[in-house]
1. Could you please let me know if Ile245 is part of a helix (DSSP H, G or I), open to solvent by less than 20 Å² (accessible area, probe 1.4 Å) and out of contact with any Cys (no Cβ under 6 Å at 6 or more places or on another chain)?
2. Give Lys354, Lys331, Lys368, Lys363 a once-over and let me know the one that is in contact with a strand residue (DSSP E or B) (Cβ under 6 Å, 6 or more places away or on another chain) and closer than 26 Å to Gln253 by Cα.
3. For the stretch 186-241, please list each of the helices (runs of 4 or more DSSP H) lying entirely inside it that holds at least 2 residues being hydroxyl-bearing (Ser, Thr, Tyr) and within 22 Å of Ser259 (Cβ to Cβ).
4. One residue is enough: does the stretch 333-341 have a residue meeting the conditions of a type in the set (A, V, I, L, M, F, W, C), closer than 27 Å to Leu141 by Cα and at pLDDT 80 or above?
5. Need a quick list: helices (runs of 4 or more DSSP H) entirely within the stretch 1-84 having at least 1 residues that are touching a Ser or Thr at 6+ places or on another chain (Cβ under 6 Å) and open to solvent by 40 Å² or more (accessible area, probe 1.4 Å).
6. Of (1) part of a strand (DSSP E or B); (2) open to solvent by 40 Å² or more (accessible area, probe 1.4 Å), Gln379 satisfies all except one. Which?
7. With in contact (Cβ under 8 Å) with a residue 12 or more places away in the chain, open to solvent by less than 50 Å² (accessible area, probe 1.4 Å) and within 23 Å of Glu191 (Cα to Cα) as the only criterion, which of Glu128, Glu88 stands out?
8. Do you know which of the residues in the stretch 274-305 that are assigned to a loop (DSSP other than H, G, I, E, B) and modelled with pLDDT of 75 or more is least open to solvent (accessible area, probe 1.4 Å)?
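The values are calculated or read from the model by the stated rules, or taken from the named source; none is laboratory data. Remember, predicted model here, so these are calculated numbers, not experimental data. Reconstructed Cβ throughout: ideal geometry from the backbone, glycine too, with neighbour counts over all protein chains shown. Protein only, heavy atoms only, side chains kept; ligands, DNA and RNA dropped before computing areas. Shrake-Rupley method; radii C 1.70, N 1.55, O 1.52, S 1.80 Å.
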Amino acid sequence: MRFAGDVVGTKKAVSDILQLCFEAKDWKSLNEQIVNLSKKRGQLKQAVTAMVQQAMQYIDEAPDLETRIELIKTLNSVSAGKIYVEIERARLIRRLAKIKEEQGLIAEAADLMQEVAVETFGAMAKTEKIAFILEQVRLCLDRQDYVRAQILSRKISPRVFEVDTSKEKKKPKEGDNVVEEPPADIPSLLELKRIYYELMIRYYFHNNDYLEICRCYKAIYEIPSIREDPSQWIPVLRKICWYLILAPHDPMQSSLLNSTLEDKNLSEIPKFKLLLKQLVTMEVIQWTSLWNLYKDEFENEKNMLGGSLGDKAAEDLRMRIIEHNILVVSKYYSRITLKRLAELLCLTIQEAEKHLSEMVVSKALVAKIDRPMGIVCFQVAKDSNEILNSWASNLEKLLDLVEKSCHQIHKETMVHKAALK
């Protein structure tokens with residue numbers, strides 16, 4: 001049948017051989033037959049595919065873990081390098097990696113998963129591909145291999161989660177690759193979106209990248225199933241607020257801050273609304289009173305994906321308040337003494353100078369310190385062209401005023417002349 005190219009007959013023969021071995025519970029013979037049948041000269045692709053798919057159903061029926069691992073390894077070796085069973089091989093490796101992880105061998109499980117590049121599989125369903133890559137990222141994070149986790153995460157574009165799933169699927173045309181249906185245990189696209197952003201939060205927490213963590217929480221907050229359930233969106237919105245405050249001041253942070261303040265749901269957590277308003281208002285914030293008011297909220301913030309807010313975050317929060325206060329001072333003063341600046345910031349002169357210098361280096365503001373005189377100047381140094389342009393502008397304004405004044409005088413004179421007549 002094999003030499004005659006009889007696909008149906010060959011598939012049935014292969015299937016019956018495996019079924020007999022399984023019914024006899026002869027697992028050793030089953031493994032041997034799988035290898036022998038796959039190595040037969042001129043073996044049909046369809047027969048190998050049917051054999052691998054059938055043997056995969058027997059994995060859960062194996063009497064013990066050792067037999068199960070042996071069968072998975074046999075199927076892996078048979079399917080290695082064969083494009084027509086690449087999806088089956090990916091699923092087998094995922095199962096083997098899960099077993100390794102349960103045994104505590106996370107490094108081995110991560111190495112196994114990294115062997116497979118599912119993004120190149122045309123026939124694999126999109127959700128299954130994403131789930132597989134997310135599993136690779138998770139194992140890398142578990143073994144603290146953050147560089148590889150970032151590389152793998154870039155295989156998934158966040159835009160893939162924005163696709164409208166309600167649209168009807170088009171029927172495949174003749175010649176198109178037929179995409180297989182994903183297994184029942186693969187989560188939906190929106191569930192995968194939540195898992196993706198949760199993993200990214202873990203990655204960014206390692207680098208203390210607060211703004212990116214905030215953006216990830218914002219993406220989770222936009223998921224419809226979470227938006228509809230107050231018990232789910234309130235904790236997420238709280239975390240968005242905390243990470244917005246912890247993020248260094250820049251245009252992206254400012255934009256997110258204002259958009260969050262416009263959210264109607266924020267009125268459900270008035271304490272956080274007040275906190276965000278304080279940051280938007282150009283007024284000096286007293287650190288001690290703020291910390292006394294929010295200390296309990298800060299320490300009780302649990303269920304953080306990367307880890308709870310600790311001493312490092314408390315230190316960063318104080319830094320953000322100091323930076324806010326320096327920006328407020330720079331808005332209202334063009335020149336100020338270091339002593340007065342330190343008083344406004346509730347810091348020593350040395351600390352005030354240090355924080356101001358750091359902000360100048362990071363280009364958050366422009367300032368110069370005259371240390372012998374103890375004066376800080378917030379004015380931007382102008383070059384000769386800017387000075388000349390400002391003079392020209394001032395002259396233009398002056399001439400405009402003179403012209404308007406002349407017009408008014410002429411108007412009054414005409415009115416008085418008319419009255420005298």
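1. Judged against the criteria, Ile245 is a match.
2. Lys368
3. 189-207, 210-221
4. No, the stretch 333-341 contains no residue that is of a type in the set (A, V, I, L, M, F, W, C), closer than 27 Å to Leu141 by Cα and at pLDDT 80 or above.
5. Result: empty, no element qualifies.
6. With respect to (1) part of a strand (DSSP E or B); (2) open to solvent by 40 Å² or more (accessible area, probe 1.4 Å), Gln379 is out only on (1).
7. None of the other options fit; the residue is Glu128.
8. Filtering first and then ranking leaves Ile285.
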